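The values are calculated or read from the model by the stated rules, or taken from the named source; none is laboratory data. Nothing here was measured: the structure is a model prediction, and the numbers come from that model. Quick reminder, even Gly has a Cβ in these numbers, built from the backbone with ideal geometry, and neighbours come from all protein chains shown. Remember, those area values only see protein heavy atoms, side chains included, never the ligands or the DNA or RNA. Shrake-Rupley method; radii C 1.70, N 1.55, O 1.52, S 1.80 Å.
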Amino acid sequence: IALLYVAPLRALINDQARRVAKIVEECSLRSAWWHGDLPPNERRKIVQRPPHALLTTPESLEVLLSSDGYGHGALLGNVRYVLIDEIHAFAASDRGAQLMSRLARLEAGKRVAMTRVALSATVGAPEAIVTWMSSRRADAATVSVIAESGMKGRRLGVGVVPEIRDAK
């Protein structure tokens, strides 16, 4: 798993899972979702053959990081990118503080800091979000605000990082 997508709601993950699957499949990559509604047989499939991108909730992230059955985070040992959707739902809340703690815990054993990306259409003070969600590691990349007021169109960019492809 190279990309971890975190969203506040299972319904959002269910909705995005189909979209993400189409995008990553075009790049010969795989994705999966993981939250409380995932059947045990599907969890086993993910553990046996981890996808490149995993969509989950903060609570399920905690289960993955702490459970004996999932190797105390070993499944997430290769995560390099974290995308937090609807960041405004987490900011300045206990749930958000727990999410940042989980990300720090996930990042603690890594040689290189993870790249963090946050998405929201309703953040009033994005600079405050940047400060709150940034990694505290000295080697962490600087987080920048990318926003245009009044932006009407949608832009989508898809790229492949070669080293995360399956070896064939």
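Odds and ends about this structure:
- Of everything listed in (1) out of contact with any strand residue (DSSP E or B) (no Cβ under 9 Å at 6 or more places or on another chain); (2) closer than 26 Å to THR131 by Cβ, the single unmet condition for ARG49 is (2).
- Among the residues of the range 8-31, those that are within 28 Å of ASP94 (Cβ to Cβ) and among the small types (Gly, Ala, Ser) comprise ALA11, ALA17.
- Of the residues making up the range 11-37, those that are over 20 Å from GLU107 (Cα atoms) and touching a helix residue (DSSP H, G or I) at 6+ places or on another chain (Cβ under 8 Å) are LEU29, ARG30, SER31, ALA32, TRP33, HIS35, GLY36, ASP37.
- Of all residues in the range 78-114, those being more than 18 Å from ASP139 (Cβ to Cβ) and touching a residue at least 12 places away in the same chain (Cβ under 8 Å) number 15.
- Count of residues meeting criterion [over 16 Å from ILE1 (Cα atoms) and either of a type in the set (Val, Ile, Thr) or assigned to a loop (DSSP other than H, G, I, E, B) (or both)] in the range 24-52: 5
- Within the range 82-91, the set of residues being at negative phi, open to solvent by 30 Å² or more (accessible area, probe 1.4 Å) and assigned to a loop (DSSP other than H, G, I, E, B) is empty.
- Every test in (1) over 16 Å from TYR5 (Cα atoms); (2) modelled with pLDDT of 80 or more; (3) among the basic types (Lys, Arg) is passed by ARG154 save one, and that test is (2).
- Pair list, Cβ < 8 Å and 6+ apart or interchain, from the range 116-134 residues that are touching a residue at least 24 places away in the same chain (Cβ under 8 Å) to residues that are small (Gly, Ala, Ser) and part of a helix (DSSP H, G or I): TRP132/GLY96
- Top-ranked residue of the range 11-29 - restricted to ones that are open to solvent by 40 Å² or more (accessible area, probe 1.4 Å) and without any contact (Cβ under 8 Å) to a residue 40 or more places away in the chain, ranked as farthest from PRO50 (Cα to Cα): ALA11
- Scope the range 56-81; condition open to solvent by less than 30 Å² (accessible area, probe 1.4 Å) and not hydroxyl-bearing (Ser, Thr, Tyr); matching residues: PRO58, LEU61, LEU64, LEU65, GLY73, LEU75, LEU76, VAL79
- Residue match in the range 124-139 (condition: modelled with pLDDT under 80 and acidic (Asp, Glu)): no
- Those residues of the range 92-118 which are open to solvent by less than 60 Å² (accessible area, probe 1.4 Å), outside any helix (DSSP H, G or I) and not hydroxyl-bearing (Ser, Thr, Tyr), in sequence order: LYS110, ALA113, MET114, ARG116, ALA118
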